[in-house]
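Quick notes on the structure that follows.
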Amino acid sequence: MKKIITYLILIIFIIAGILFFLTRVPAVQDALFQRLAQSLISTAPNIFPEEDSLSALVCGSKSPLPHPTRAETCVMIKAGEETFIFDVGNKSIDNLRNWRVPLDQLNSIFISHLHSDHIAELPEIHMWNWVGTSRQSKLKVYGPEGINQVLNGFTEAYSLDWKYRNDHHGDQFAPLDTAGFDGYEITDFSIPVYESNGILITAFLVDHKPIDPSLAFKIEYKGRSIVLSGDTIYSETILNNSKNVDVLFHEAFHKGTLDMMYNALPENSSSRIAIVDIQNYHTNTIEVANLAKEANVGHLVYYHLIPAPRTNLVADIFTRGIDDILTNWTLSDDGTMVILPVDSKEIIITSIN
Ligand SMILES: [Zn+2]
Ligand SMILES: [Zn+2]
């Protein structure tokens, strides 16, 4: 028996040695990369379910506080055959590209408010929705008053880049007539922002002062519904618009965690000011849970996490006390996906990773 084990270990070592040697052979390296190359340049068509549904993919779950892997705020919505992105924080488009999510058929972008962690990647999504795609018009962007000022600024900053790409790739691959943004300022809250193919998107005001206006969005499709809070303190408008919705995505901070961060900083640190100020224009985790319970939402998803937990231990601290209020909640990560099949009450929470 002992002899057999010794032979087995020897064989394993020999096989491992041969494999190690083979991966150093250029022809083998090329063959291995060739298999990988296709997945690097192609998109994956089946990221979202094929069945008719309203789905949401968290393409960014963190707030501006640093985190080594998460992107800033971003939620991609697919309703039937149409896709939209709500907020495009830093690294969010990188996430979508790493996951090979098709970006060429986007309907439009929605921006909740004009803080940098919600608009930073407008130029990136413009780029990947433009070069080499069949986009027939400029990229549509809906946002609060001021969105056109932001879009004009990005246009000013990036128009040379667009020209260079057109000069290099030509009109078929990078046509200048579809480069740029079509901005739509949302000012009339009595009418839907978007209504087509059974999809209804409405905006409503929330309280994120001094950032005013700041918007939340409700997306409805064939009887299924999602509300995205944007950035806000506890807001009656979210409560009222979230009554009985299937899923509420709500931003949140955790006071205890922030307090510990505050205490860890030197007394003269300017970061202490930021940690205190954060708390007066966001909603704490327990307020969010109480709001979701009162609104009778089907499921609560925490996003725009302040701070986004780096470990399970911190996640445990961040979510402390929520289970005492409601059980149907999820702390999102980049890649969290919500699927709401039509003609069903089912709420599927899964992950792209
Ligand atoms: Zn924010
Ligand atoms: Zn904000």
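The values are calculated or read from the model by the stated rules, or taken from the named source; none is laboratory data. Bear in mind that the values here come from a model prediction, so they are computed numbers and not experimental data. Every residue, glycine among them, receives a Cβ derived from its backbone with ideal geometry; neighbour counts consider all protein chains shown. To get the accessible areas, we keep the full protein, side chains included, count just its heavy atoms, and leave off ligands, DNA and RNA. Shrake-Rupley method; radii C 1.70, N 1.55, O 1.52, S 1.80 Å.
Determine the share of segment 47-351's accessible area contributed by carbon and sulfur atoms, expressed in whole percent, with a 1.4 angstrom probe.
Numbers: 6350 of 13200 Å².
Solvent-exposed carbon and sulfur of segment 47-351 make up 48 percent of the total.
For the chain, what does the helix formula give at 222 nm: sum of -39500 (n - 2.57) over DSSP H segments with n ≥ 4, over the residue count, nearest 500 deg cm²/dmol?
-10500 deg cm²/dmol
Principal axes first, then extents: for the Cα atoms of segment 1-125, list largest minus smallest coordinate on each axis, whole Å, largest first.
Here the spans come out as 69, 35, 34 Å, largest first.
Please compute the per residue accessible area over the chain with all protein chains in place, 1.4 Å probe, rounded to a whole number of Å².
50
Which residue, Phe253, Phe48, Phe20, tops the fluctuation ranking in a GNM of the chain built on C-alpha contacts under 10 Å?
Answer for the Gaussian network model of the chain: Phe20.
Please compare each pair in Lys62/Lys138; Lys138/Lys218; Lys140/Lys255 to a cut-off of 31 Å on the Cα-Cα distance and tell me which ones are over it.
Result: Lys140/Lys255 exceed 31 Å.
Just flag the GluC sites (Glu not before Pro) in segment 236-313 sitting in loop per DSSP whose Cβ has no more than 13 other Cβ atoms within 10 Å.
Values: sites: Glu236, Glu251, Glu267, Glu287, Glu294; in loops: Glu267.
For GluC sites (Glu not before Pro) across segment 236-313 that sit outside H, G, I, E and B with at most 13 neighbouring Cβ atoms in 10 Å, the list reads Glu267.
Span-like helices, the chain: DSSP H, alpha-carbon axial extent 18 Å or more, mean Kyte-Doolittle 0.5 or greater, which ones?
The answer, listed by residue number, is 2-22.
Over the residues of the chain, compute the C-alpha Rg and express it relative to 2.2 N^0.38 Å.
1.14
Restricting to Cα pairs below 8 Å that are 6+ residues apart, what does the relative contact order work out to for the chain? Please round to a whole percent.
16
Among Thr202, Thr187, Thr336, which one moves the most in a GNM of the chain with springs linking Cα atoms closer than 10 Å?
Result for the chain, Cα springs under 10 Å: Thr187 fluctuates most.
Which residues' amide hydrogens lie under 5 Å from the amide hydrogen of Thr336, considering only partners 5 or more residues apart or on another chain, with H built in the peptide plane?
Val58, Ile352
Which Cα, out of His169, Ile12, Phe204, lies furthest along the positive dipole direction of the chain (beta carbon charges, K/R +1, D/E -1)?
In the chain, that residue is Ile12.
About the Cα centre, and with charges only on the beta carbon of Lys, Arg (+1) and Asp, Glu (-1), how big is the dipole of segment 271-353? Nearest 20 debye, please.
Magnitude of the dipole: close to 180 debye.
Counting only DSSP beta bridges with both residues in the chain, tell me the antiparallel percent, nearest 5.
Approximately 60 percent, going by the DSSP bridge assignments.
Treating the beta-carbon of each Lys and Arg as +1 and of each Asp and Glu as -1, no other charges, what is the dipole magnitude of segment 47-351 about its Cα centre, to the nearest 20 debye? Working shown, then result.
Details: 22 positive and 41 negative charges, 83 e Å.
Computed about the Cα centre, the dipole is about 400 debye.
Compare Gly17, Gly132, Gly60 in a GNM of the chain, Cα atoms joined below 10 Å, and give the one with the largest fluctuation.
Gly17
Taking the Cβ of Ser235 as the center, what net charge do the other residues with Cβ under 14 Å away carry, scoring Lys and Arg +1 and Asp and Glu -1?
Its environment carries a net charge of -4.
Along the charge dipole of the chain, Cβ charges K/R +1 and D/E -1, which of Met1, Thr187, Asn129 sits furthest on the positive end?
Positive-end residue among those listed: Met1.
Using only Cα atoms, locate the centre of segment 315-353 and the centre of segment 90-169, then give the distance between them in Å, rounded to an integer.
Centre-to-centre distance over Cα atoms comes out at 29 Å.
Calculate the spin-label point distance for Ala157 paired with Val276, positioning each point 7 Å from the Cα along the beta-carbon direction, and give it in nanometres.
Roughly 3.1 nm, to one decimal.
Given the whole protein assembly as supplied and a 1.4 Å probe, what does the accessible area of Val314 come to in Å², nearest 10?
Taking all protein chains as shown, Val314 has close to 40 Å².
Can you work out ³J(HN,Hα) from phi for every residue in segment 95-108, in order, using Karplus 6.51 cos²θ - 1.76 cosθ + 1.60 and θ = phi - 60°, giving whole Hz and x for Gly and Pro?
Couplings: 3, 4, 6, 4, 7, 6, 6, x, 10, 7, 10, 4, 6, 6 Hz.
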